Amino acid sequence: QTVAIIGGGIAGLSCAQALSNSGRYLPTVFDTGRLRPGGRCSSRLPGEDTKKYNYLSQTIIDHAAQIINVAPDTEFEDQMNKWEEEGHVKQFKDGTVCDISNPYDPESKKYDKTQIKLTAKNTNSMYYGANGMQSLPEAMSKNNFEIQQDVWVSPNKGVKLIDNNSNKGISNNSKFWQIKTKGSPKFDKLVIAHNGKCADRLMSSTPAKDLHQLLRVNFSPTVPKNGGNRMTLNSIYSLTFAIDKLNGIPENIICAFIKNHPNLKFLSCNTRKYPTDEKKDFEVWTVLSSAKFGKAYKGPQENLPPGLVQNVTSLLYESLEQSLALPEGTFTEDNILESRLQLWGAGVPLNTWK
C-alpha cells in the first residue's frame, strides 16, 4: 500500500524508514525544506546562501538541534552505535561541553556575576553529526523511499479523503487520500508527521478530526506540575553570528548549557565543532534563547519583522554579555561580522503525550 507522510523531519523520516523496511508499504515523504529534509535536525552547509552571507556561508552551521543525548540500554543507543560505526555521528570529547554559571560567594551569600564558572559535563552519551546535524536525516534518507523536497502542503484542505467506489488507481481500496500539490497524487494511507496548528488544520475537515483532536498541543514555556494532558511545545530563538573571537570561553569548549541567565539556554561554536584544514580568522557561534524569552518576543517565524529582528538580536547579545561577564557593548556592529536570527515557533517538546 502507498503512504503519504506529511513532514520530513526526524519523525517523518523514521516513519518512512520503518514502513519501507516492513516490505508492506511504499512511503512518500513531503517536506517543506528548501534544500533537504531534516526539520529541526538540519544544518546549513558551506557554499549555501553565499550571496547573502560571506562569513556564515563558509562553515557548517547547526542552527536548531545541537546535541544528541542518548539514554543507555535503549534501541536508540543501538542505532546511534551503528551510525557512529558508519561515520554519520561523532561523540563529543571530554572537556568540550560544559555548564556556564556564576561562582557562589558564601560570605555575601550571592552569586558573583562579574565572573563565570565553567563546569565540565559527562559527554559519554553526547553525540553530534559528522557533517552537521543533517548527517542523521541524510543517513535515514538513503532508505528505499521517495522524498519530495520543497513541497508545501497547505493546511487549508491540503489533504482530502475521497470515497470513490470506482477508483482503481492505487489498490483495492475504494477510499484514498489525495494530496493537494503538483499532480494531486493519491495514497492508501496518510501520516501527519508534525504537530501544531498546521497539523490540526490539515485534519480539521477530514473524517479523522475527532481522532486528531487527541493529538492537539499547547504552546507554552512551562508545563503544569502534573505534566499536563497535552504535549506542550515551546518557542526558541536561534541567533547565529560571526565574530573575530569570542572572549571568555576557552578554546577547548564547543558547547555550553547556560545556567546563569533567564533569557538564554545554550551556546555552541560551529567553527570549533566542525574545523577545516584551512584555519579561519573568525568564529561562528549559535546561541539559543530560553522558552520564556521566545514566548515574550514571538513573531511570525516565516517572516520576522525587521524591527523585531533588531530588538531580539540586541537583547540576546546583551544577555550573552551578562552571562559571560563581558564588558557592556562587547557585541556591537563594529565587531559582529554577520548574524542571522531564526525563530523556531514549535521548538522543543517539554513533555510527552500518553
Worksheet entry | DSSP bridge pairs, the chain: antiparallel proportion in percent, nearest 5 | 65 percent
Item to complete: For every other residue with a beta carbon closer than 10 angstrom to the beta carbon of Cys269, add +1 if it is Lys or Arg and -1 if Asp or Glu, then tell me the sum.
Response: 0
Fill in: Loop sites in region 304-354: GluC sites (Glu not before Pro), DSSP, at most 12 other Cβ within 10 Å
Glu328, Glu333
Practice prompt. Quick one: net charge around Lys117, please, counting Lys, Arg +1 and Asp, Glu -1 for every other residue with C-beta under 15 Å from its C-beta.
Written response: +1
Fill in: Amide H contacts under 5 Å for Glu338, placed H, 5+ residues apart
Ala242
Fill in: Cα radius of gyration and Dmax for the chain (Å)
22.3, 83
Worksheet item: With each run of n ≥ 4 DSSP H residues scored as -39500 (n - 2.57), what mean residue ellipticity at 222 nm is computed for the chain after dividing by its residue count and rounding to the nearest 500 deg cm²/dmol?
Response: -5500 deg cm²/dmol
Worksheet item: Any idea what the relative contact order of the chain is, in percent, if you count C-alpha pairs under 8 Å spaced at least 6 apart?
Response: 19 percent
Worksheet item: When only DSSP loop residues count, what GluC sites (Glu not before Pro) in region 94-192 have their Cβ near at most 13 other Cβ atoms within 10 Å?
Response: Glu107
Discussion item. If I take every Cα pair under 8 Å that is 6 or more residues apart in region 278-354, average their sequence separation and divide by the length, what percent do I get for the relative contact order?
Written reply: 30 percent
Item to complete: Please give the net charge around Ala291, taking every other residue with its beta carbon less than 13 angstrom from that of Ala291, where Lys and Arg add +1 and Asp and Glu add -1.
Response: +4
Worksheet, complete the sentence: Expected unfolding gain across Glu302-Asn81 under the 0.36 nm per residue rule, minus the alpha-carbon gap, is 76.0 nm
Item to complete: Give the long-range amide H neighbours of Gly9: residues separated by 5 or more places, or on another chain, with amide H under 5 Å away, using H modelled in the peptide plane at 1.01 Å from N.
Response: Gly38
Response to the item:
Under the Karplus relation with 6.51, -1.76 and 1.60 and θ = phi - 60°, whole-Hz ³J(HN,Hα) for region 113-126, x at Gly and Pro, equal 7, 8, 9, 10, 10, 9, 10, 5, 9, 6, 9, 4, 10, 9
Item to complete: Return the FRET efficiency for the residue pair Glu146, Asn229: r is the Cβ-Cβ distance, R0 is 30 Å, and the value is rounded to the nearest 0.05.
Response: 0.25
Discussion item. Of all beta bridges DSSP finds with both residues in region 1-99, what is the antiparallel percent, to the nearest 5?
Written reply: 25 percent
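None of the figures in this text is laboratory data; all of them are computed from the coordinates on show. These figures come from a predicted structure and were not determined experimentally. Backbone-built Cβ (ideal geometry, glycine too); neighbour counts: all protein chains shown.
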